[in-house]
1. Residue check, A:I67 against (1) within 13 Å of another protein chain (Cβ to nearest Cβ); (2) within 24 Å of B:F339 (Cα to Cα); (3) not polar (S, T, N, Q), all met but one. Which one?
2. Can you pull out every residue in segment B:576-625 that is in a loop (DSSP other than H, G, I, E, B) and either within 29 Å of B:G371 (Cα to Cα) or out of contact with any strand residue (DSSP E or B) (no Cβ under 8 Å at 6 or more places or on another chain) (or both)?
3. Among (1) in contact (Cβ under 8 Å) with a residue 60 or more places away in the chain; (2) in the same structural domain as B:I589 (by TED's automatic domain parsing), there is one condition B:G413 misses while meeting the rest; what is its number?
4. What number goes with the only condition from (1) under 21 Å from B:A145 (Cβ atoms); (2) surrounded by 14 or more Cβ atoms within 10 Å (Cβ to Cβ) that B:R120 does not pass?
5. Can you confirm whether segment B:588-596 contains a residue that is within 14 Å of another protein chain (Cβ to nearest Cβ), open to solvent by 70 Å² or more (accessible area, probe 1.4 Å) and under 27 Å from the mean Cα position of the chain (by Cα)?
6. List pairs: first in segment B:554-571 and open to solvent by 60 Å² or more (accessible area, probe 1.4 Å), second part of a helix (DSSP H, G or I) and of a type in the set (F, W, Y), Cβ under 7 Å, 6+ apart or cross-chain?
7. Taking into account only those residues within segment B:417-438 that are more than 14 Å from chain A (Cβ to nearest Cβ) and out of contact with any helix residue (DSSP H, G or I) (no Cβ under 8 Å at 6 or more places or on another chain), which is least open to solvent (accessible area, probe 1.4 Å)?
8. Working only within segment B:439-464, note down all residues that are touching a Lys or Arg at 6+ places or on another chain (Cβ under 8 Å) and either without any contact (Cβ under 8 Å) to a residue 60 or more places away in the chain or open to solvent by 60 Å² or more (accessible area, probe 1.4 Å) (or both).
Amino acid sequence: METGLLAIGAGLAVGLAAIGTGLAQGRIGSAGAGAIAEKPELVGTMIILLAIPETMIILGFAVAAIILLVK
Amino acid sequence: MIVPMSKIQIIGTRAELDATVRVLHDAGVVQIEEKPAAVDALILDARAAHQRDGITALVTRLDALLALLPVVAPTQIARRDDVDVLIGQVKAALAQLDAPAQNLARRRDDLEADRVTLPRYAKTMRQLMPLSAELALMQNYETVALLVDRKFSAVIEMVRAELPALTNDEFEMVSREVDRDTTAALLVFPRAHSTAIHTLLGRESITQVRLPDELVNVPFKEALATIQARLAAIPAEAEKIQHELHALAREWRARLAAWRAVLRDRLREIEVREKFGATEYAFVAVGWMPQKNVSALRDALARAVGENVLLDELPLTAHEREHAPVVLDNPRVARPFEFLVRLMALPRYGTIDPTPIMAIFLPIFFGMILGDVAYGALVLGGVIYFLRKPKSDGMRNLLTIMLYCALWSIAFGFVYGEFFGELGEHIGLHPYFPRGEAVVPLFAFSIAFGIVQIALGFALGIYQAIKLHQRNELLDRIAKVIALIAILAMVAASSGALPKEMFTPALALLIVGTVLLMYTLGWIGLLLAPIEILGVVGNILSYLRLAAIGLSSVYLAMVANKLAGIFGNVIIGGIVAGLFHALNLALGILSPTIQSLRLHYVEFFGKFFEGGGVEFKPFRREGIG
């Protein structure tokens, strides 16, 4: 029972964080593609902006791993 | 690092102007700036202005001619410096070459146009063929072919209704649907009514099929045959023209390009003077140059021009110190990474160039994420293969960076004991640190990397703020470091690494850091300071990606191997495993690159980096491109 709940918790941690990251990156990506089309020198900045929300899923993954692995 | 620059001023007698400009041009280390406002501008004399206009025109013509000639392997051409003789030569060559080259190019373009349009004619004519069989061609009669979109086919009936009145009933018109969307019609009438009928067709906006002039009064069958013959002849003719253009290019291209380079150099030598200042007997020029080259240039001027020209270093104002042009100069090993720093921005003059630090950390991060002997070796093989091929500078830089990354991947692969994932254990690779199992230590290791790099970033930031007298930045960074130390101490105290009693002093230290940050940020700091400090903690946690992305690649490799085992068939299993490993390798190259770049750009650079540097553009001779 408890193992099942832990697994659900880990799944939620990764899944919800992934949804959040996806929503954010989708918007940033579309804006970024537009910006780069007009000013190609913005590539570096756009990579950064695009990569910022990734922290959410990374942290989600870390939390999930700790839920499952740390007893 | 960013090369220290000097602002220099060159003053000389006007008699030495030409010689001075030539020395500066040869040296190629000075970026000439606008003259000081206090001095009048140097006015070009009539001869120079005339030469400038002449050369500009020649360069434009050379540009046009070179655009026509295909690129061939360059041959070495001796360069001449006697510009007047050269101008004569260029003019003669242009007179000889312009017409034939343009002629060839025009014929090539015509052929290309025919190649595209003739098949369209042929298609239309094939559609009209069945109609033309019903009409005999007659002398003194004109035939008009019409194509009407099926939606508007009623217009044909309207035309038919008007024709009897216009032609006294002397006409013949047949129409039919030639395909799903088009109705075609052929109309034959005496030439005498030509104008009236064309007016009618124009008024109804009906598309007439216009044939090339030479095919207008030819029976359809013959015209179609002519078109087919012409289409068949095009490839051979195009190849012949291409061959002639290549022959022309082989003979002339290198020479023309070299001449253009010399002329452009001469043009720049004339134009640069427009930035100089002048009095009746003297001229003055100011510019930027790397400090280390100043004495060499002074010697060169003394040797070539003599004592009548003086080179002085000017003291820098605060504004000038911020806006000096930037030259990056790094050890050979680190130089490819300048490319990545520039991708972000060129650092401002006087700040720290992060290239050498990036050169150390970025490949380690990449290796730590990918961490597989086999994947690393594959990347290494690919990089070595591509490095042997000719390529652009940017590509060479990227490949060199990937080379370092691949080596670190192999090194970490031995540490993790990974060879195509956990296959390493089966072939006797002993893991010192099996990351698939030791997840929590791996997280700790990643965070440790984060703490090291963020601390380094803050240290650089504090050093830079002191050097540039930026009080606010200095306080801001110190406050964050204090808060960071406090938070680390609190974590250590609550996890037992430090004595429990340390928790309270650490909390006090955190408050000190927060208050200092609030003070630095002003009123808005009451709100922002806690967020900023949380941001620093977030920066460090962000280094978890070093572990997380790597683990996902380990698990994918594991899936590949497990899936291969399920099939129980060596060949199918091998193919499936191969596909999965290929996918994993592709992801394994792309995402570690982006992730380690991001860690540098966002987390590390954020602590000290200031972009907005101005590129150094010295006045120098052009290479023959």
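The values are calculated or read from the model by the stated rules, or taken from the named source; none is laboratory data. Computed from a prediction, not measured in an experiment: that's the story for all the values here. Please note: Cβ atoms are built from the backbone with ideal geometry, for glycine as well, and neighbour counts cover all protein chains shown. Surface areas here come from the heavy atoms of the whole protein model, side chains and all, with no ligands, DNA or RNA. Shrake-Rupley method; radii C 1.70, N 1.55, O 1.52, S 1.80 Å.
1. Every listed condition holds for A:I67 apart from (2).
2. Those that are in a loop (DSSP other than H, G, I, E, B) and either within 29 Å of B:G371 (Cα to Cα) or out of contact with any strand residue (DSSP E or B) (no Cβ under 8 Å at 6 or more places or on another chain) (or both): B:F608, B:F609, B:E610, B:G611, B:G612, B:R620, B:R621, B:E622, B:G623, B:I624, B:G625.
3. (1) is the only condition that B:G413 fails.
4. Exception for B:R120: condition (2).
5. yes
6. From residues that are open to solvent by 60 Å² or more (accessible area, probe 1.4 Å), the pairs are B:V559/B:F580.
7. Checked segment B:417-438; the qualifying residue least open to solvent (accessible area, probe 1.4 Å) is B:G428.
8. Scanning segment B:439-464 gives a single hit, B:I462.
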